[in-house]
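What follows is a single structure, written as structure tokens, with notes after it.
What follows draws every value from the coordinates through simple rules; no lab data is involved. This structure is a prediction, so every number in the text was calculated from the model and none was measured. When we count neighbours, we look across all protein chains shown, and the Cβ atoms used for this are built from the backbone with ideal geometry, even at glycine.
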Amino acid sequence: MAAVQKEKPSRGEEARAGFARYKDDVKKRGKPFFPYAMFHDTVMSLVVVLVIIGLAVIWKWTAYGPHHNCADSGILGPCMGAPADPGTTSFVPRPDWYFYFLFYLLRIFKWPESVFLGTVGVPTICLILLIMLPFLDRRRTRKLSQRPVALVAAVLVILSMGVLTWKGATAQEALASEVIADIPTWVQQEHLPANALPGANLFARAGCTACHTYDGAGGSNLGAPDLTAIGTRGLSIATQIQHLQDPASVTPGSPMPKFTSLGTQRLMELAIFLNASNGTH
């Protein structure tokens with residue numbers, strides 16, 4: 001008589017059987033997650049919080065100067081840095097070390113059309129895959145030799161994060177070098193006069209293209225307008241300077257910061273450059 005072939009159990013039945021074996025194994029040899037593992041996680045979390053609080057206290061007590069100005073340098077660094085200067089032309093913004101990987105990722109996806117992919121797309125895809133991992137890999141074994149896909153994925157993630165962090169930390173960049181390199185093109189295409197060149201250099205060095213667009217360079221962020229043809233609006237030099245000194249006084253509700261720290265001479269240079277920008281090709 002031929003042997004009766006057993007029907008292969010469904011995936012759901014296998015999962016329920018595996019969970020039953022797990023519960024039985026916990027009763028015989030192990031301890032349940034609640035309250036044992038949960039208690040250990042709670043204690044460790046409390047230790048981490050206490051360490052952070054302790055470091056914060058040390059930082060504040062050692063940096064808080066005798067004159068109570070909170071500006072002296074302590075063991076863990078100064079209590080407070082210098083006020084931000086929106087008119088600086090020498091500061092190169094750098095992120096905190098744990099964002100170096102994203103900082104360098106932006107250097108790879110540097111075109112305006114791909115910035116969204118580098119800042120939102122790639123991190124979101126990685127996060128979704130991480131969330132889905134427990135649902136995709138439900139094997140009980142923990143041996144690395146029996147989990148090649150998970151092992152390779154973990155190694156690749158660690159290597160990529162490490163390389164991107166290292167590249168971001170060691171990246172050398174001249175201040176606004178890419179924008180400065182476009183100035184000769186601006187002069188040629190927009191027919192800028194000689195007296196507009198100092199303002200064009202200042203426009204590039206001050207990081208104005210971080211919000212504004214000029215002759216295709218930069219990006220329109222926070223609703224900042226394209227300034228390629230701003231000279232056709234008929235604004236006077238005095239109005240341009242007033243707008244740079246206090247944007248909200250000329251354009252109510254403008255999120256643009258004040259650039260009074262640039263000084264009268266440099267504001268005049270910027271105003272001359274903007275008035276000479278007529279968008280002529």
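Return one quarter of the surface area of the convex hull spanned by the alpha-carbon atoms of segment 177-276, equal to its mean projected area, in nm².
Working: hull surface 23.3 nm².
Convex hull of Cα atoms, orientation-averaged projection: 5.8 nm².
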Practice item. Using per-residue counts of other Cβ atoms within 10 Å, averaged over each peptide, order 195-203, 53-61, 132-140 from highest down. Key: 195-203, 53-61, 132-140
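Given C-alpha coordinates of the chain, what is the ratio Rg to Rh with the Kirkwood estimate of Rh?
On the way: Rg = 29.6 Å, Rh = 25.2 Å.
Rounded to two decimals, Rg over Rh is 1.17.
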Exercise for review: Over the residues of segment 7-53, compute the C-alpha Rg and express it relative to 2.2 N^0.38 Å.
Suggested key: 1.84
Exercise for review: For segment 196-261 and segment 36-65, compute the distance between their C-alpha centroids and round to whole Å.
Suggested key: 45
Study note, to complete from the structure: Residue span Phe116 to Val187: 0.36 nm per residue of separation minus Cα-Cα distance leaves a gain in nm of 22.5 nm
**Study point:** Rounded tilt (10° steps) of 148-170 against the dominant C-alpha axis of the chain
**Key:** 20
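To the nearest 0.05, what FRET efficiency results for Arg16 and Val43 with a Förster distance of 30 Å applied to their C-beta separation?
Values: r = 33 Å, r/R0 = 1.11.
Using R0 = 30 Å, I get an efficiency of 0.35.
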Check your understanding: For the residue pair Val152 and Asp85, what label-to-label distance in nm results when each label sits 7 Å from Cα along the Cα-to-beta-carbon direction?
Key -> 5.3
Point to revise | Value of Rg/Rh across segment 92-173 [Cα atoms, Kirkwood radius] | key: 1.08
